[in-house]
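Data block below; observations after.
Just so it is clear, none of the values below were taken in a lab; they were calculated from the coordinates. Values in this document were obtained by computation on a predicted structure and should not be read as measured data. Cβ: placed from backbone, ideal geometry, glycine included. Neighbour counts: every protein chain shown.
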Amino acid sequence: MRHTLRRLFAVLCLGCACPVAHAEASDPPLKFGITAVILQDQNEFLAQWEAHLESGLGRDVEFVQRGSYAEISELLSSDEIDIAWVCGAPYVRHRDRWRLVAVPLADSKPSYQSYLIVRASDTRRRSYADLQGTVFAYSDPDSNSGYLVPQFEMLTQGFRSAGLFRKTFFTWSHHDTVRAVAVGLAQAGAVDGYIWETLARIEPELTRETRVVAKSDWYGFPPIAARASLATDDLEAIRRVFVTMGDSHGGRRLLGRMNLDGFVPGEDAWYDGIQQIIRFVDGQYAQGPQL
């Protein structure tokens, strides 16, 4: 009954396209793994997104939330969830076991940057070289923009995290990294540029307390990935729902709330840049992450 009402809500209120033929009642729900959501009213948003996906797929959808990329990666690799919105670095590390479903577009690009941020009141620091002896916030040890890219940037400039910073810590979300810098728990941090820009729209009072001092090269946007064992017909149906999201009023409204232009099928080669820096950083830090 709950899911039937969701589908009706999706059709009447979200303006979604007509649903495809419904799956057999015995089909299990599609399990969609996600980490932290940046929207303030995330429960309402996820309910609406779930309804949109259910309407397009003709089957139940269940969001599975976890606090780290490692947890989502484990669930996807062990076939405990069907698809997940993953970071680019975990996708590259697991792409022999995962399948690319779709890639988001932000500002019409399937790519994003890592931002180095400091407190807004800090007008002196302009690069990693200026951060000697500071407290630094990373987002997640498996994050491309929130951990891997800053390691790469420091190493290519002749620094190592353990020798540069007085202290480092993980916040486990880009939103919380911005918050940690804004309130002074850290003097600097590395965040997903897309998330910082989105927060600048929905929580400008927060991002105003920070300053972007450097932006990285462009890397493949965190994609939607599927478990390798997912049936091809199911994969194509899921991809179609994402790629056509902008074709309906409800889908466009959801995209607007995510600060995205849409989704495209994507190409595996878009993540080769991340593969290159993984090899470089792993080679430099053969003993594991450096904090």
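Remark: 116, 57, 148, 46 ranked as 46, 57, 116, 148, counting other beta-carbon atoms within 10 Å and listing the fewest first. Model label sites at residue 249 and residue 44, defined 7 Å from Cα along the beta-carbon direction, differ in position by 1.8 nm.
Take the Cβ atoms of residue 257 and residue 71, set R0 to 30 Å, and the FRET efficiency comes out at 0.75. Local charge for residue 109 was computed over the other residues whose Cβ lies under 13 Å away, with Lys and Arg +1 and Asp and Glu -1, and equals -4. With everything on Cα atoms, drop me the angle between helix 272-284 and the longest principal axis of the chain, reported from 0 to 90° to the nearest 10. Between helix and principal axis, roughly 40 degrees. Ranked by how many other Cβ atoms sit within 10 Å of their own Cβ, fewest first, the residues 192, 142 fall in the order 142, 192. Neighbour counts of other Cβ atoms within 10 Å put 94, 249, 52 in the fewest-to-most order 249, 94, 52. With the convex hull constructed from alpha-carbon coordinates only, the chain shows a mean projected area of 14.8 nm² over all directions. Express in whole angstrom the spacing between the alpha-carbon centres of the range 218-291 and the range 134-202. With the range 218-291 and the range 134-202 each reduced to a Cα centre, they are spaced 21 Å. Label-to-label distance for residue 215 and residue 78 is 4.0 nm, based on points extended 7 Å past Cα in the beta-carbon direction. Per residue, the average separation of C-alpha pairs within less than 8 Å and at least 6 apart gives the chain a relative contact order of 26 percent. Here the chain is assigned +1 on the Cβ of each Lys and Arg and -1 on the Cβ of each Asp and Glu. Its dipole about the Cα centre then comes out at about 920 debye. With a simple spin-label model that places each label point 7 Å from the Cα along the Cα-to-Cβ direction, the separation between residue 228 and residue 160 comes to 3.4 nm.
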